[in-house]
Amino acid sequence: MTAEGTETEKKYDVDAAAPLPALQDIPGVGRVAEPHKAHLEAVYFDTEDLALAARRITLRRRTGGSDAGWHLKLPSAPAPPSASEAGQRREIHAPLGQPDVVPDKLLAHLHVYLRGSGLEPVARLDTRRTTVALYGHDGVHLADFADDHVDAEVMAGAGLAEGGQEAADQAGADQAAAARKRQWREWELELVHGRPDLFPAAAACLAAAGARPAPHESKVGRALGEAWPQRLEAAHDDGAARAGTAQAAKKPGKNKPGKKWPASAVVTAYLGGQIEELLAQDPRVRLEEPDAVHAMRSATRRVRSALAVYRKLFGGAAVRRLRDELQWIGGILGAPRDAEVMLERLRQHAAELPPEQAGDLVKARVERELGTRFNAGYRKAQDVLLTDRYFRLLDDLEGFRDYPPVRPLASSPARKVAGKLVNRTVRRLRRAHKAAARSAEGPARDAALHQVRKDAKRVRHAAESVDPVYGKRAAKLAKAAHKQQTILGDHHDSVIARDLLGKLGSPTDLPEPVALAYGSLLELEERIAADDESKYRKARRKAGKLLKRGVK
């Protein structure tokens, strides 16, 4: 059984001989509990190249104390706060199990970062902890103060990567072993039910006892020392700078693209947001959480749309390869998602059939058919998310974001270049509108309207990408395109539903109530499709001026 929560804490360096602070003097603290002592032994796991540490993810197995077990800590935001601020992380616990067997539910959160690499012990920490609970005047458990004396040992190779390992080899085996060991004392103040303003309230009290804000983000970070890798967010900022803007280097991780940024920086910032969304949804798909497949598929579509719209700004080969691979993974995710959508649609419609028709029998048949498709599609998706091909795609996406293969045009102002490319997608949508208006009723009209839907979706994503540049105008365009996409999405679902109902209701030996039920559902879908066409034409007329002007 796993448990999940949020950890909000701040760490402090302190000398070995420093006295405990006068915790009762902290403003807001009404009572200080008796100290509780514990002996904690933890083994930290990572890849050989510390891929988890680079993302500020920690995985450990700890014995001793009240929360013995496996602990996985994940950043709760894309850009974790600096060491001078209180850190907040998402924490997931699992039972102790076997020493070297990471629980599956924790691995589900890690595959997207491990990408096929194995986990191995990188550090062992022995902590003698004294914990004091702090209570408010109303009896609320505000926080826990921990006084930790830590003995750390880095596993051979893990903490002495590159030059550090070579230096250790030259110094001899004894010196190498000593280089892997560290001792220190630190204090932690972790919120329980208290508010973050407890940290500044406690600052004077802790400083008076000799506490200093810790420069390290975690115990394992301090243990690894110089081997602790650079945070990946710094590479993202360097990538934005390489994409053509100096602003990114001024306040790393805190800049948002704006009107003065070059086109490539605006695009890579948008891509970065969608890549982060894809990475966030990957574990949710593995854990079969609601709506996860839809959210992950949407992120892949947004990235693919952006690459299509802005392909002139980047190297053609890289763009084509990514678009092809995104289409592949989107199709894999689409199979269970489409079955899920259709099942919910037909299940609801069958429940509304009159009593004299065999709605329950039809519903059961539809659920068997689409349930089988959904289960098969989901199993395949979960298998694919463990393949080298998928992991290469993730590597390539992050590589494109951080080291974009820009062309000279990409350094032009976003307001000039990006707006022009977005408006090209708007003109493409207008052509699709005209083709649909000229199409004959039946399959040709259905196909034409489906093309309008796809082009409206591309316009929506393109408009979203330039929201930092065009603001309200881009938002209005995205909203209009989204409305058309939604209406025609329902129309397309109706087309698919009619095809499925036609096949399920085609046998000539069906009982009359069942045949009537299929006939009623077909008639309902035909009415829905006709209504959707009417709604689409109305939405098209309403957005006419906006689609002529675009974002510029």
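Each value in this text was obtained by applying a stated rule to the coordinates, not by laboratory testing. On a predicted model such as this, the values are computed, not experimentally measured, just so you know. Cβ atoms come from the backbone with ideal geometry, glycine included; neighbour counts cover every protein chain shown.
So here's what we get for this one:
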{"quantity": "Simple Cβ-charge dipole of segment 1-51, Lys/Arg +1 and Asp/Glu -1, about Cα centre, in debye nearest 20", "calculated": "440"}
{"quantity": "Burial ordering of L477, L119, L421, fewest other beta-carbon atoms within 10 Å first", "calculated": "L119, L421, L477"}
{"quantity": "Greater than 18 Å apart at Cα, pairs in K260/K457; K380/K503; K457/K483; K416/K454; K260/K312", "calculated": "K260/K457; K380/K503; K416/K454; K260/K312"}
{"quantity": "Segment 281-382 - Debye-derived log10 I(q)/I(0), Cα point model, q = 0.10, 0.14, 0.24 Å⁻¹", "calculated": "-0.40, -0.65, -1.14"}
{"quantity": "Fraction in percent of alpha-carbon pairs per bin - 5 Å, segment 3-229", "calculated": "1, 6, 13, 17, 19, 17, 12, 8, 4, 1, 0, 0, 0"}
{"quantity": "Dipole axis of the chain (+1 Lys, Arg; -1 Asp, Glu on Cβ), positive-most option in V422, Q348, A54", "calculated": "V422"}
{"quantity": "Residue (of A211, L110, A543) at the positive-pole extreme of the chain, dipole from beta-carbon charges", "calculated": "A543"}
{"quantity": "Burial ordering of T508, T6, T130, fewest other beta-carbon atoms within 10 Å first", "calculated": "T508, T6, T130"}
{"quantity": "Label point distance in nm, A364-D531, each placed 7 Å from Cα along Cα→Cβ", "calculated": "2.9"}
{"quantity": "Kirkwood Rh and Cα Rg combined as Rg over Rh, evaluated for the chain", "calculated": "1.05"}
{"quantity": "Loop GluC sites (Glu not before Pro), segment 392-491, which have at most 12 other Cβ atoms in a 10 Å radius of their Cβ (DSSP)", "calculated": "E441"}
{"quantity": "Test item: Cα-centred dipole of the chain, Lys/Arg +1 and Asp/Glu -1 on Cβ, debye", "calculated": "4820"}
{"quantity": "Charge dipole (the chain, unit charges on Cβ, about Cα centre) - positive-most of G273, L322, I528", "calculated": "I528"}
{"quantity": "Ascending count of other beta-carbon atoms within 10 Å, so fewest first, for E356, E217, E188", "calculated": "E356, E188, E217"}
{"quantity": "Contact order relative to length of segment 3-229, as percent, for alpha carbon pairs under 8 angstrom and 6 or more apart", "calculated": "31"}
